[in-house]
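Participant: Here it is, the structure in full.
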């Protein structure tokens, strides 16, 4: 029944039918995470990295109420420039589809649509999580509940450092979501390689990780896996500098009453401004790095 809402790009469908590796990509990072034209340039570069590593990219979005798995050049450009694109999470999908609107998919909704298409590996920048002061606001990203339900591996540079990382990891543990460090025992914190919190398991190769994924889903242990892949050392930001910027941005958001789905775009934009653009440069490089690891994982998983 769901297939009537789904448009799979011919190249992606051909790859899936042939059992080739396909890597899902979100579109919120394009429409709401970066300014134009850097957003489209970054998206094209990520797709290129995936192709160079022997897989097919599938950028996911909603256009005119259709769930798109794989975008054309014109569609990618539109997602980067369009002003009528909603931020679409799980709760938004039925209404964006029914009203034939346009939506940029978050981690949660990208996982849902990737899973519908049969794609098991998804590359993003950082996952959402438990927000600071959540004990009062109950502000917890839908990304976390999706990870507990949907069988997609998420390759990220950890949780966005604007979050409460400790509570985010506790939430994932409660819901049985494995948190894996790729060549690290310390969960990365997006702009920095370390957060001070440990992962559940360290893996040192994509082969090892692919075997764990297969075992998990063969056993019907539903839900995803978070793969924390640290930002490359040369692009890591100074720990104190980025945390000072985050604290200032969080304080400003509170003073302006910004919360919910508006919080993350606002905070990332303010951090970019406070750091004179250095945070955006780091953000782009960590996505490229995740694309390499995610693609290699997808290739190994396709062999099993």
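The values are calculated or read from the model by the stated rules, or taken from the named source; none is laboratory data. All figures in this text were calculated on a predicted structure; none of them were measured in a lab. As a convention, Cβ positions derive from the backbone with ideal geometry for all residues, glycine included, and neighbour counts pool all protein chains shown.
Participant: Looking only at residues that are surrounded by fewer than 16 Cβ atoms within 10 Å (Cβ to Cβ) and within 23 Å of residue 238 (Cα to Cα) in region 255-299, which one is farthest from the chain's Cα centre (by Cα)?
Facilitator: Residue satisfying both the conditions and the ranking: 276.
Participant: So residue 33 passes all but one of these: (1) at pLDDT below 95; (2) surrounded by fewer than 17 Cβ atoms within 10 Å (Cβ to Cβ). Which condition number does it fail?
Facilitator: Of (1) at pLDDT below 95; (2) surrounded by fewer than 17 Cβ atoms within 10 Å (Cβ to Cβ), only one is false for residue 33: (2).
Participant: Looking at (1) farther than 16 Å from residue 70 by Cα; (2) out of contact with any helix residue (DSSP H, G or I) (no Cβ under 6 Å at 6 or more places or on another chain); (3) not in a loop (DSSP other than H, G, I, E, B), find the lone condition where residue 114 falls short.
Facilitator: Looking at each condition in turn, residue 114 falls short on (1).
Participant: Let me ask something else. Does any residue of region 85-100 turn out to be out of contact with any strand residue (DSSP E or B) (no Cβ under 7 Å at 6 or more places or on another chain), farther than 23 Å from residue 236 by Cβ and modelled with pLDDT under 95?
Facilitator: no
Participant: Among the residues of region 89-101, count how many are touching a residue at least 40 places away in the same chain (Cβ under 8 Å) and within 19 Å of the chain's Cα centre (by Cα). Before you say what the answer is, go through the steps one by one.
Facilitator: If we filter region 89-101 for residues that are touching a residue at least 40 places away in the same chain (Cβ under 8 Å), which is where we start, we get 89-91, 97.
Pick out the ones that are also within 19 Å of the chain's Cα centre (by Cα) and you get 89-91.
Number satisfying all stated conditions: 3.
Participant: A further question follows. Across region 1-12, what is the number of residues that are part of a loop (DSSP other than H, G, I, E, B) and closer than 23 Å to residue 48 by Cβ?
Facilitator: Number satisfying all stated conditions: 1.
Participant: Now for a different question. Can you name the residue in region 151-180 that is within 14 Å of the chain's Cα centre (by Cα) and modelled with pLDDT of 95 or more and is also nearest to residue 230 (Cα to Cα) among such residues?
Facilitator: Taking the candidates together, the pick is 157.
Participant: Right, something else. Does region 252-304 hold any residues that are over 25 Å from residue 227 (Cα atoms), part of a helix (DSSP H, G or I) and in contact with a strand residue (DSSP E or B) (Cβ under 9 Å, 6 or more places away or on another chain), and which are they?
Facilitator: 262
Participant: So for region 69-76 (the condition being free of Cβ contacts under 8 Å to residues at least 12 places away in the same chain, touching a helix residue (DSSP H, G or I) at 6+ places or on another chain (Cβ under 9 Å) and either surrounded by fewer than 19 Cβ atoms within 10 Å (Cβ to Cβ) or part of a strand (DSSP E or B) (or both)), does at least one residue qualify?
Facilitator: For region 69-76, residues free of Cβ contacts under 8 Å to residues at least 12 places away in the same chain, touching a helix residue (DSSP H, G or I) at 6+ places or on another chain (Cβ under 9 Å) and either surrounded by fewer than 19 Cβ atoms within 10 Å (Cβ to Cβ) or part of a strand (DSSP E or B) (or both): present.
Table: residues versus (1) in contact (Cβ under 8 Å) with a residue 60 or more places away in the chain; (2) within 19 Å of the chain's Cα centre (by Cα); (3) closer than 30 Å to residue 278 by Cα.
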position	(1), (2), (3)
15	no, no, no
22	yes, yes, no
29	yes, yes, yes
37	no, no, yes
47	no, yes, yes
54	yes, no, no
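Participant: Go through (1) over 21 Å from residue 122 (Cα atoms); (2) in contact with a helix residue (DSSP H, G or I) (Cβ under 7 Å, 6 or more places away or on another chain); (3) surrounded by fewer than 17 Cβ atoms within 10 Å (Cβ to Cβ); (4) touching a residue at least 60 places away in the same chain (Cβ under 8 Å) one by one and return the number of the condition residue 252 breaks.
Facilitator: (4)
Participant: Do we find a residue being within 30 Å of residue 303 (Cα to Cα) and surrounded by fewer than 20 Cβ atoms within 10 Å (Cβ to Cβ) anywhere in region 56-66?
Facilitator: Within region 56-66 (the criterion being within 30 Å of residue 303 (Cα to Cα) and surrounded by fewer than 20 Cβ atoms within 10 Å (Cβ to Cβ)), the answer is no, since none of the residues qualifies.
Participant: Tally time: how many residues in region 13-30 are assigned to a helix (DSSP H, G or I) and crowded, with 23+ Cβ neighbours inside 10 Å?
Facilitator: Residues in region 13-30 being assigned to a helix (DSSP H, G or I) and crowded, with 23+ Cβ neighbours inside 10 Å: 3 in total.
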